[in-house]
Each structure stands twice: as structure tokens, then as C-alpha cells.
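For reference, the structure is listed below as C-alpha cells.
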Amino acid sequence: MRRLANRLLWGGLVWAVVVALACAQPQRSNPPSAPAGAGMSAPSATASGHSAPASPRTGRGAALDPPVTVRFGETPASFNAAIYVALARGYFREEGLDVALEAFDTSERQIPALAAGQTDAAAAGVSAGLFNGLARELPIRIVAGQGRIVPGMSPGSLLVRKALYDAGGVRDYADLQGLRIAVTSPTAGLSSDLYRALAAGSLTYADIDLKLLPFPDMNPALANDAIDVATQVEPFVSAAVRSGIAVRWKELAEVYPNHQLTMILYNTDFAHRQPEAAVRLLVAYLRGAREFMAAITGSGDKTPMYRILAEYTPIKDVSVYATLVPNYIHPDAELNVESLEADQALWASQGHIPRPVDLSQVIDLQYLQTALQRLDGPP
């Protein structure tokens, strides 16, 4: 299994893909020409307790002129909601930024483009490949936290095949022994959640039949009795439960609370050339994050947020979003460094990271701190 895992990791590692970068250009995803849902009022307070700015430009000065173009890499998904809200509401434009989304099919494919300067910033998932690239001194810095899993807002779950669950086959973590359990990759973020679930039952990967499957293939595998358990995410979790092929057994927040899954990354050359744009990008992002969280966790109409998600993600049916467990996006973009350290230590112990990186050397929170001061005043 380790040989297979290493082959998967090295096949997608940053430095290997950089060589072939010219053969795999990202696709551009242009934002709407006008804000989606224009005319909708923003909430007066955010989920973090911060009051909304009295006016769009309070405390932040005039927009950059001429506007600065920022090429932003992303994998279209709801964990990028803050970015989409900032685009739809015009928050980036108010800062003098022309943000152009560059769509990639996986987070790992974003890293070589960011390192080569083909994108300026990115929202990417935590992975062993990212840590390996940072250890090799790629010109990338972690500048802010993005999505994490918290109780009640954990779009990832361990699904158990319904027939197996109904027969009493899985009740405790120790019952996972010998089962066929799917995860997308042993070096991606959710593999840490599966590892912790196994450890809670005094088990390791050696005690299960590990299957590597992409998320869309997991539900058919559950339905066809090809796997017993899936480490699955929305919208596939809700679809599996609705269709009766699986039971949502454990939310991943129960297994690994506050697990940092995604982050905002900067190309260092962009940040050095355009330090003001680097700050303003996060100012607009924070406004989007706070508005999204206030709407999603509040009692008001969530449809405006669903419409924005439908504009930018593959799920176009607005009604579907009301059935899904929403993503948690920290309203202050706080970064859970302890979570990053734990994931890197795990993958290093498994041999996926030959040389761990000193995270203090690759985390640069100065732009976030300045953005927070502009929005909220001095700490």
C-alpha cells in the first residue's frame, strides 16, 4: 500500500509538474460582469461579532488606480464561498483589484502554477505535496486560513454502507477493522481524518482494506457493495443518504475538530511587487467571509448566498444547497497552525514527506494582520 501511496504522491508533486507546466495550462473562469444579486442588502453584523463597515470604503482609502490584476487559482467548490461573495458583491473592485479566477481540477495542480508565477494567489487544500513543495523552497507562502471543519459545519463525513450498518456491523471505531474503506488519497487532507478515526479504535491502515477512489466514484462503490465505508464530502454525502445507499455515521468534525483543510497562498514575487494589492485582496476576502458566515449561520434568507455559490460552482440547482451541510469559513481567516503541524507530522511518519518544512518559515501573516486592522482597527 505504501508503494502505491508513494507513487500517487510523487506522480503529482510540485517540482515534477513544474517541468511540464507549459503542457497543462489552467482554464480561466471569468467572474460575472455585474455583481450577482445586486441590490441585496448586506448583514449588519458578522458571525465573528464584528460590525459591518459603515460604508464600503471606511478606513481603507481610495481604490488602487490603475486597478491591479490578480490571477487567483481555485478548485470550484463551496469552500471558496468568501471569494465568490467578494466577487459577486464587487468587494475586490472596490479595492481596485481585477481578480480573475483560474480554475483547476485539483488543489495539487494549483501549486506548480503558483510557484511558476502563472497565478498570483490561490485557495488550496492541505496536502503532503504542498508541504514537500514548501520544503523545497518554492516561492509560495501561506498567508491566511480558509476552510476548516467544526461541529455542525462539517461537510465531510464517514459514510457506512446502509446494509452493513443496519446489520449492526459498524457501531464503534474498532468495528472498522477489516473493512473496505475509501479515501481519495493517503496524502490529502481527509486522510488525516480517516487516520484519526482508525486510531480511535486502536487501528492503522494495516488493519483495513484501503481503497483509493475519487469522491464521485465512492457512492456507486457503496451502492455496488464494492466498499463498506467512504470518507466522503458534500454534495455526495447528502446524495448517498437521500438515496438510501449509506448512513452518515460520523461527521469528520467529531473525529478531527478544527481540522484546517484549505488555506490562502501567495506567490512571493506577487506579494513583494504588489504589497498593497496583497493586503487589499485579503480585505475583500474577509468581507466576503464575514458576509457568508453571517448569512449561513443566521436566521434570515440564505438564498442570496446559494445563488452566488450556484454562479461559481458546478452545482447549479439553488435548491440543492439547502440540503447540504455548509462549509465553515473562518470570518477572520484564522490559521490553525497546530492542525498543519499535526498533518505534516503524520505524513512524515508515514514516509510521504522526506523532509518536513519549518512552518514558521513559510507562514506569513503580515498581510492578513494589516487587512484585519483596516477592517476592525488596531487590536
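The values are calculated or read from the model by the stated rules, or taken from the named source; none is laboratory data. Not measured: the values here are computed from a predicted model. Note that we place each Cβ from the backbone using ideal geometry, even for glycine, and neighbour counts take in every protein chain shown.
Which one is nearest to the chain's Cα centre (by Cα), of the residues in the range 319-361 that are of a type in the set (Ser, Thr, Tyr) and more than 27 Å from SER78 (Cα to Cα)?
Looking only at the range 319-361, we keep the residues that are of a type in the set (Ser, Thr, Tyr), and these are 319, 321, 323, 328, 339, 349, 360.
Okay, now just the ones that are also more than 27 Å from SER78 (Cα to Cα), so 349, 360.
On the way: SER349: 24, SER360: 21 Å.
Checking each candidate, the answer is SER360.
Scanning the range 175-224 for residues that are acidic (Asp, Glu) and outside any strand (DSSP E or B), which turns out surrounded by the most Cβ atoms within 10 Å (Cβ to Cβ)? Give the derivation first.
Residues of the range 175-224 that are acidic (Asp, Glu), as a first pass: 175, 193, 207, 209, 217.
Now drop any that are not outside any strand (DSSP E or B), which leaves 175, 193, 207, 217.
Details: ASP175: 17, ASP193: 26, ASP207: 16, ASP217: 17.
Among those that are acidic (Asp, Glu) and outside any strand (DSSP E or B), it is ASP193.
Go through (1) under 23 Å from ILE353 (Cβ atoms); (2) modelled with pLDDT under 95; (3) under 15 Å from the mean Cα position of the chain (by Cα) one by one and return the number of the condition ALA122 breaks.
Against the list (1) under 23 Å from ILE353 (Cβ atoms); (2) modelled with pLDDT under 95; (3) under 15 Å from the mean Cα position of the chain (by Cα), ALA122 comes up short only on (2).
Given the residues ASN336, ASN327, which is the only one that is within 19 Å of ARG141 (Cα to Cα) and in the same structural domain as ALA77 (by TED's automatic domain parsing)? Walk me through how you get there before you give the answer.
Values: ASN327 fails: within 19 Å of ARG141 (Cα to Cα).
After ruling out the rest, the residue left standing is ASN336.
Can you pull out every residue in the range 252-270 that is surrounded by 20 or more Cβ atoms within 10 Å (Cβ to Cβ), part of a helix (DSSP H, G or I) and under 21 Å from the mean Cα position of the chain (by Cα)?
LEU252, ALA253, VAL255
From PRO220, PRO216, PRO235, which residue is at pLDDT 95 or above and not basic (Lys, Arg)?
Values: PRO216 fails: at pLDDT 95 or above; PRO235 fails: at pLDDT 95 or above.
The unique qualifying residue is PRO220.
Answer with yes or no whether ILE111 is in the same structural domain as VAL70 (by TED's automatic domain parsing) and at pLDDT 95 or above.
no
Of all residues in the range 143-156, which are within 15 Å of the chain's Cα centre (by Cα) and not aliphatic (A, V, I, L, M)?
GLY145, GLN146, GLY147, ARG148, SER154, PRO155, GLY156
If only one of MET305, MET263, MET293 is under 23 Å from ASP343 (Cα atoms), touching a residue at least 40 places away in the same chain (Cβ under 8 Å) and out of contact with any Cys (no Cβ under 9 Å at 6 or more places or on another chain), which one is it?
Values: MET305 fails: under 23 Å from ASP343 (Cα atoms); MET293 fails: under 23 Å from ASP343 (Cα atoms).
Exactly one of MET305, MET263, MET293 is under 23 Å from ASP343 (Cα atoms), touching a residue at least 40 places away in the same chain (Cβ under 8 Å) and out of contact with any Cys (no Cβ under 9 Å at 6 or more places or on another chain), namely MET263.
Of the residues in the range 168-193, how many are small (Gly, Ala, Ser) and under 15 Å from the mean Cα position of the chain (by Cα)? Explain how you work it out, then say what you get.
Here is the first cut: in the range 168-193, the ones small (Gly, Ala, Ser) are 168-169, 174, 178, 182, 185, 188-189, 191-192.
Filter again for under 15 Å from the mean Cα position of the chain (by Cα), leaving 188-189, 191-192.
So the count comes out to 4.
Can you give me the number of residues within the range 225-251 that are part of a helix (DSSP H, G or I) and either touching a Pro at 6+ places or on another chain (Cβ under 8 Å) or not assigned by TED's automatic domain parsing to the domain that holds ASP193 (or both)? Outline the logic, then answer.
Here is the first cut: in the range 225-251, the residues part of a helix (DSSP H, G or I) are 236-243.
From the residues that got through so far, the ones that are either touching a Pro at 6+ places or on another chain (Cβ under 8 Å) or not assigned by TED's automatic domain parsing to the domain that holds ASP193 (or both) too are 236-237.
Of the residues in the range 225-251, 2 are part of a helix (DSSP H, G or I) and either touching a Pro at 6+ places or on another chain (Cβ under 8 Å) or not assigned by TED's automatic domain parsing to the domain that holds ASP193 (or both).
Here is a yes/no grid of residues against (1) touching a Lys or Arg at 6+ places or on another chain (Cβ under 8 Å); (2) under 20 Å from LEU222 (Cβ atoms); (3) touching a residue at least 40 places away in the same chain (Cβ under 8 Å); (4) polar (S, T, N, Q):
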| residue | (1), (2), (3), (4) |
| --- | --- |
| GLY168 | no, yes, no, no |
| ARG171 | no, yes, no, no |
| LEU176 | no, yes, yes, no |
| LEU179 | no, yes, yes, no |
| THR184 | no, yes, yes, yes |
| GLY189 | no, no, yes, no |
| TYR195 | no, no, yes, no |
| THR204 | no, no, no, yes |
| ASP207 | no, no, no, no |
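Looking only at the range 128-161, count every residue that is under 22 Å from ALA200 (Cα atoms) and touching a Gly at 6+ places or on another chain (Cβ under 7 Å) and tell me the total. Show your work before the answer.
Applying the first criterion (under 22 Å from ALA200 (Cα atoms)) to the range 128-161 yields 148-161.
Remaining after also requiring touching a Gly at 6+ places or on another chain (Cβ under 7 Å): 149.
Number satisfying all stated conditions: 1.
Just wondering, is there one or more residues in the range 133-140 that are in contact with a Lys or Arg (Cβ under 6 Å, 6 or more places away or on another chain), crowded, with 24+ Cβ neighbours inside 10 Å and not hydrophobic (A, V, I, L, M, F, W, C)? Even if it seems obvious, please write down each step before you answer.
Going through the range 133-140, the residues in contact with a Lys or Arg (Cβ under 6 Å, 6 or more places away or on another chain) turn out to be 135.
Imposing the further condition that a residue be crowded, with 24+ Cβ neighbours inside 10 Å reduces the set to none.
Within the range 133-140, none of the residues are in contact with a Lys or Arg (Cβ under 6 Å, 6 or more places away or on another chain), crowded, with 24+ Cβ neighbours inside 10 Å and not hydrophobic (A, V, I, L, M, F, W, C).
What's the number of the only condition in (1) touching a helix residue (DSSP H, G or I) at 6+ places or on another chain (Cβ under 6 Å); (2) in a helix (DSSP H, G or I) that ARG141 fails to meet?
Status for ARG141: all satisfied but (2).
What are the residues in the range 91-138 that are touching an Asp or Glu at 6+ places or on another chain (Cβ under 8 Å), small (Gly, Ala, Ser) and part of a loop (DSSP other than H, G, I, E, B), if any?
Correct list: GLY96, GLY117.
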